[in-house]
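Let me begin by presenting the structure, written as structure tokens, before commenting on it.
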Amino acid sequence: MTPIQAIVLALVQAVTEFLPISSSGHLILVPYFLGWPDQGLSFDIAVHTGTLLAILLYFWRDVRDLIVGFFTGRPAGSGDYDPRSLAWWIALGTIPAGIAGLLIKDWAETEARNPLLVATTAVVYGLLLFWADRTGSHRRQLADLGWRDALLIGMAQALALVPGTSRSGVTITAALLLGFTRPAAARFTFLLIIPISVAVAALDGLDLVQAGVTAQELVPMGIGLAVSAVAGYLVIAWLLGFLRRQTMTAFVVYRLLLAAVILATVVFRQN
């Protein structure tokens, strides 16, 4: 892998991990469209770790408040939620994705890496996002979150194991359907991503240690981690500001156009 390829793939991961357009789908599609070889497990781990660092850095105050508040009952610095309750709801919401990961991880990493599946999920979940954005009441805030909300949003997060679904997209969709505002839906989504991302990074890191890393892989891994962390931080900041002013329509349109491009490319290559 060249440094340019590492930078491009890291930017793709950073942008698509947080925007509701699917990072896993794009990491499959970019090599497919450009004729690059698969980037491999080690690079995927590096860029996913980079975006995890972006979340931890951007939401470090929330992470601090959740940890301290869970053990002490101290209120959040922002004052807009109860840290102990929210920590429990994040833990509850993580369970469905954990169970789904154990059941279909191998399938998701092999047979599911299919451009046609990515196109299908891009359309289906894009239209669902549009419907949720249009019909949701947009009244509830993070403090209104309860255990049923957390469980339902967590079940939605489990669907993101299928490439093209988008973890942020499907969880934001679920939160919008439950009546949350767009910023509250996105904020809970990013906090909910942290536990499962830490677990996945630890498990993948163990696989990587067992498989071994060559010296040739270290440079693109380092580039990918750094670029995805910096770019991911900027994307989070931009998205939260965007959602205070705009609807989700632009992302829906992008998903539909992406599906059309994928289908056209597949048909062209078959002919």
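The values are calculated or read from the model by the stated rules, or taken from the named source; none is laboratory data. Because the structure is predicted, anything quoted here is derived from the model rather than measured. A quick note on method: Cβ atoms are made from the backbone with ideal geometry, for glycine too, and the neighbour counts reach across all protein chains shown. Keep in mind that these areas ignore ligands, DNA and RNA; they rest on the heavy atoms of the full protein, side chains included. Shrake-Rupley method; radii C 1.70, N 1.55, O 1.52, S 1.80 Å.
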Restricting to region 248-257, name every residue that is part of a helix (DSSP H, G or I) and of a type in the set (A, V, I, L, M). 250, 252, 253, 256, 257
Here are 21, 45: which of them is more than 20 Å from residue 188 (Cβ to Cβ), of a type in the set (A, V, I, L, M) and surrounded by 16 or more Cβ atoms within 10 Å (Cβ to Cβ)? 45
If I go through region 198-232 residue by residue, how many of them are among the charged types (D, E, K, R) and more than 30 Å from residue 149 (Cα to Cα)? 2
Please count how many residues of region 168-197 are modelled with pLDDT of 95 or more, over 13 Å from residue 150 (Cβ atoms) and touching a Gly at 6+ places or on another chain (Cβ under 8 Å). 3
Consider only pairs whose beta carbons are under 6 Å apart and that are at least six residues apart or on different chains; among these, list those whose first residue lies in region 62-77 and is over 14 Å from residue 194 (Cα atoms) and whose second residue is of a type in the set (Gly, Ala, Ser). 65/76; 65/77; 70/87
Checking residue 213 against (1) in contact (Cβ under 8 Å) with a residue 12 or more places away in the chain; (2) part of a helix (DSSP H, G or I), only one condition comes out false. Which one? (2)
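Table: residues versus (1) open to solvent by 30 Å² or more (accessible area, probe 1.4 Å); (2) charged (D, E, K, R); (3) over 22 Å from residue 9 (Cα atoms); (4) more than 17 Å from the chain's Cα centre (by Cα).
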| position | (1), (2), (3), (4) |
| --- | --- |
| 180 | no, no, yes, yes |
| 188 | no, no, yes, no |
| 200 | yes, no, no, no |
| 208 | no, no, no, yes |
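Which residues, counting only those in region 223-247, are surrounded by fewer than 14 Cβ atoms within 10 Å (Cβ to Cβ), touching a residue at least 24 places away in the same chain (Cβ under 8 Å) and in a helix (DSSP H, G or I)? If you could, list the steps in order and put the result at the bottom.
Step one: filter region 223-247 for residues surrounded by fewer than 14 Cβ atoms within 10 Å (Cβ to Cβ), giving 237-238, 241, 244-246.
Add one more test, that the residue is touching a residue at least 24 places away in the same chain (Cβ under 8 Å), and what stays is 237, 244.
Answer for region 223-247, where residues must be surrounded by fewer than 14 Cβ atoms within 10 Å (Cβ to Cβ), touching a residue at least 24 places away in the same chain (Cβ under 8 Å) and in a helix (DSSP H, G or I): just 237.
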Which members of region 48-83 meet the condition of being loosely packed, with under 15 Cβ neighbours inside 10 Å, of a type in the set (Ser, Thr, Tyr) and part of a helix (DSSP H, G or I)? 72
Contacts under 6 angstrom Cβ, first residue in region 126-148 being under 21 Å from residue 254 (Cα atoms), partner aliphatic (A, V, I, L, M) and surrounded by fewer than 19 Cβ atoms within 10 Å (Cβ to Cβ), 6 or more apart: 126/256
Take region 149-166 and flag every residue that is of a type in the set (A, V, I, L, M, F, W, C) and either open to solvent by 10 Å² or more (accessible area, probe 1.4 Å) or within 26 Å of residue 254 (Cα to Cα) (or both). 151, 152, 153, 155, 156, 158, 159, 160, 161, 162
Take the conditions touching a helix residue (DSSP H, G or I) at 6+ places or on another chain (Cβ under 8 Å), open to solvent by less than 30 Å² (accessible area, probe 1.4 Å) and more than 16 Å from residue 54 (Cβ to Cβ) and apply them to residue 192. Does it pass? no
With (1) assigned to a helix (DSSP H, G or I); (2) more than 20 Å from the chain's Cα centre (by Cα) as the list, and residue 36 as the residue in question, which single condition is left unmet? (1)
Would you please list the contacts, defined by Cβ atoms under 7 Å and residues six or more apart or on different chains, that run from a residue in region 184-203 that is free of Cβ contacts under 8 Å to residues at least 60 places away in the same chain to a residue that is polar (S, T, N, Q) and surrounded by fewer than 24 Cβ atoms within 10 Å (Cβ to Cβ)? 184/141
Considering only residues of region 24-36 that are of a type outside the set (A, V, I, L, M) and without any contact (Cβ under 8 Å) to a residue 24 or more places away in the chain, which is most open to solvent (accessible area, probe 1.4 Å)? 35
